[in-house]
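Reading through the structure tokens given below for one structure.
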Amino acid sequence: MKKAIFSIVFVSILILFLTACPKKTTQYRFEMLEHEGNGIITPEVGTKNYDENAEITLIATPDDDWKFVKWEVNNEFYSNEREATLTMTSDKVVKAFFDEIQEAFLTLVNGSVVKITENGTSSTGIITDHFCVDDNNKILFTLTKSYDYSSGELVLINEYNLPEGFIYSNYGIIASVNNSTDIVDFYNYDGTFIKSIKIIDEPNYTAQNSFGIFLDDNTFLLSEDGDNNLIQFNISEGTTEIYRSFSDSLQWIGAFCKLGNDFYIYSITGSSIYKFRKYGFPVLVDDGFPNNIAGIIVEEDKIHFVSNYANGYFTYDRTTKESTKIEELHFPSKLFKITY
């Protein structure tokens, strides 16, 4: 009897001992290396041990004029997302990579899209009559194809078929402006049709030399050749109205763009550029520009433009009020800035 009691007590103590002993936790070493380029990373540089299957959040914040490129884990590509999650299933050595943002300007010369950088001009290899870009999403569109240029190289995204005409893009929508029918067709980025909207009932080449920009995903503005109006398109309602008229002040308006809350527009009146808003008088920026500006990009300190009469790409210094021809180009058309 005593022996049986002793056995029971012994087994009970053994079970208690075994269950009371803590299970050994496996840990792995996490090391964050110094990053390449300019930016801030989380976790900070250093080494720390984490329990097995712990999830580590990686966060990369690039400095101004820099972009995040990728995370590498154990010398292999892991993610190109600025925020990524890493699970500790083994020792991990992590490194972040940043790169300087590059910029260039694109224009059309002799049916070819030309890239302009501080090193000069080069062909992109794209042959087309019309093109546009959405720099927010790093996409270039022609009438038949779209390309991703986020890496600095053009990578084909999609093929479709848009009607002949000038094209403009933003907010996931392409506006295709037919300059002979005075109709604007709207498409999604995948080429699927949304809607056609007439500028006027009887075509008279109103859109022959028109320029357009999107204000949002439902509002498109188009400069009206000859009548000196900016036409506003309400895409969802399929309607148009005059956004702003210059009939009393400017003649033959053309290329225009937007910087902050201000618009900038070229007028043949004095070969000038004016700043304006929806209401109020337009303000002269300067006159005496080369004739027939066919594309314009305005920055805080400079105005970039192409003139097909002066055959070139120019920059205008807003402080000295002087224009300089940067590149000789034969009859360039349109101008878009890209960053990558």
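Filter the stretch 236-288 down to the residues that are over 24 Å from Tyr309 (Cα atoms) and touching an Asp or Glu at 6+ places or on another chain (Cβ under 8 Å) and list them by number. Spell out how you get there, then give the answer.
Here is the first cut: in the stretch 236-288, the residues over 24 Å from Tyr309 (Cα atoms) are 236-245, 247-248, 259-262, 276-283.
Scanning the stretch 236-288 gives Ser247, Leu259, Phe276, Arg277.
Looking only at residues in the stretch 204-250 that are of a type in the set (Val, Ile, Thr) and in contact (Cβ under 8 Å) with a residue 24 or more places away in the chain, which one is surrounded by the fewest Cβ atoms within 10 Å (Cβ to Cβ)? Before you say what the answer is, go through the steps one by one.
Our first condition is that a residue be of a type in the set (Val, Ile, Thr); within the stretch 204-250, this holds for 206, 213, 219, 231, 235, 239-240, 242.
Those still in the list that are in contact (Cβ under 8 Å) with a residue 24 or more places away in the chain too: 206, 213, 231, 235, 239-240.
Numbers: Thr206: 20, Ile213: 17, Ile231: 24, Ile235: 20, Thr239: 11, Thr240: 17.
Applying the filter and picking the extreme gives Thr239.
Quick one: which residue in Tyr316, Tyr266, Tyr274 is touching a Gly at 6+ places or on another chain (Cβ under 6 Å), free of Cβ contacts under 8 Å to residues at least 60 places away in the same chain and buried (at least 17 other Cβ atoms within 10 Å of the Cβ)? Walk me through how you get there before you give the answer.
On the way: Tyr316 fails: touching a Gly at 6+ places or on another chain (Cβ under 6 Å); Tyr274 fails: touching a Gly at 6+ places or on another chain (Cβ under 6 Å).
Sole residue among the options that is touching a Gly at 6+ places or on another chain (Cβ under 6 Å), free of Cβ contacts under 8 Å to residues at least 60 places away in the same chain and buried (at least 17 other Cβ atoms within 10 Å of the Cβ): Tyr266.
Provide a single number: the residues in the stretch 154-208 that are in contact with a His (Cβ under 6 Å, 6 or more places away or on another chain) and of a type in the set (A, V, I, L, M). Talk me through it step by step, then tell me what you get.
We begin by selecting, within the stretch 154-208, every residue in contact with a His (Cβ under 6 Å, 6 or more places away or on another chain); these are 166-167.
Those left that are additionally of a type in the set (A, V, I, L, M): 167.
Of the residues in that region, 1 qualify.
For the stretch 319-340, enumerate the residues that are without any contact (Cβ under 8 Å) to a residue 12 or more places away in the chain and either among the charged types (D, E, K, R) or within 24 Å of Phe166 (Cβ to Cβ) (or both). Show your work before the answer.
The initial filter retains those residues of the stretch 319-340 that are without any contact (Cβ under 8 Å) to a residue 12 or more places away in the chain, namely 320, 322, 324.
Residue satisfying the conditions is Glu322 alone.
Among Ile194, Ile200, which is farther than 17 Å from Lys258 by Cα, surrounded by fewer than 18 Cβ atoms within 10 Å (Cβ to Cβ), touching a residue at least 24 places away in the same chain (Cβ under 8 Å) and of a type in the set (A, V, I, L, M)?
Details: Ile200 fails: touching a residue at least 24 places away in the same chain (Cβ under 8 Å).
Unique residue meeting the criteria: Ile194.
Please report, ordered by residue number, the strands (runs of 3 or more DSSP E) entirely within the stretch 275-340 with at least 2 residues that are aromatic (Phe, Trp, Tyr).
Working: elements: 283-286, 293-298, 302-307, 312-317, 322-328, 333-339.
Hits in the stretch 275-340: 312-317.
Regarding Ile157, is this residue buried (at least 20 other Cβ atoms within 10 Å of the Cβ), in a strand (DSSP E or B) and not assigned by TED's automatic domain parsing to the domain that holds Pro43? Spell out how you get there, then give the answer.
Working: buried (at least 20 other Cβ atoms within 10 Å of the Cβ): no; in a strand (DSSP E or B): yes; not assigned by TED's automatic domain parsing to the domain that holds Pro43: yes.
For Ile157, the condition - buried (at least 20 other Cβ atoms within 10 Å of the Cβ), in a strand (DSSP E or B) and not assigned by TED's automatic domain parsing to the domain that holds Pro43 - is not met.
Limited to the stretch 287-310, what total is found for residues that are without any contact (Cβ under 8 Å) to a residue 60 or more places away in the chain and either in contact with a Cys (Cβ under 7 Å, 6 or more places away or on another chain) or under 11 Å from Tyr264 (Cβ atoms) (or both)?
Residues meeting the conditions: 6.
Provide a single number: the residues in the stretch 130-152 that are in a loop (DSSP other than H, G, I, E, B) and at pLDDT 95 or above. Can you show your working first?
Within the stretch 130-152, the first condition is being in a loop (DSSP other than H, G, I, E, B), and the residues that meet it are 130, 135-138, 143-144, 149-152.
From the residues that got through so far, the ones that are at pLDDT 95 or above too are 130, 135-138, 143-144, 149.
Result for the stretch 130-152: 8.
Can you tell me which residues in the stretch 162-191 are part of a strand (DSSP E or B) and surrounded by fewer than 17 Cβ atoms within 10 Å (Cβ to Cβ)?
The initial filter retains those residues of the stretch 162-191 that are part of a strand (DSSP E or B), namely 166-170, 173-178, 183-188.
Across the stretch 162-191, the qualifying residue is only Asn188.
Out of (1) free of Cβ contacts under 8 Å to residues at least 60 places away in the same chain; (2) closer than 30 Å to Thr26 by Cβ; (3) not charged (D, E, K, R), what's the single condition that is false for Ser112?
(2)
Just wondering, is there one or more residues in the stretch 90-110 that are hydroxyl-bearing (Ser, Thr, Tyr), closer than 24 Å to Asn218 by Cα, in the same structural domain as Tyr309 (by TED's automatic domain parsing) and modelled with pLDDT of 95 or more? Can you show your working first?
Going through the stretch 90-110, the residues hydroxyl-bearing (Ser, Thr, Tyr) turn out to be 90, 107.
Remaining after also requiring closer than 24 Å to Asn218 by Cα: none.
No.
Inspect the stretch 197-208 for any residue being among the β-branched types (Val, Ile, Thr) and in contact with a Leu (Cβ under 6 Å, 6 or more places away or on another chain) and give the result as yes or no. Please lay out each step first, then the result.
So the first thing to find is which residues in the stretch 197-208 are among the β-branched types (Val, Ile, Thr), and the list is 197, 199-200, 206.
Applying the additional criterion that residues be in contact with a Leu (Cβ under 6 Å, 6 or more places away or on another chain) yields none.
No; the residues of the stretch 197-208 include none that is among the β-branched types (Val, Ile, Thr) and in contact with a Leu (Cβ under 6 Å, 6 or more places away or on another chain).
Tell me whether the stretch 78-87 contains one or more residues that are touching a strand residue (DSSP E or B) at 6+ places or on another chain (Cβ under 8 Å) and closer than 30 Å to Pro163 by Cβ.
No: the stretch 78-87 contains no residue that is touching a strand residue (DSSP E or B) at 6+ places or on another chain (Cβ under 8 Å) and closer than 30 Å to Pro163 by Cβ.
The values are calculated or read from the model by the stated rules, or taken from the named source; none is laboratory data. Quantities reported herein were computed from a predicted structural model and do not represent experimental measurements. All Cβ positions, glycine included, derive from the backbone under ideal geometry; neighbour counts span all protein chains shown.
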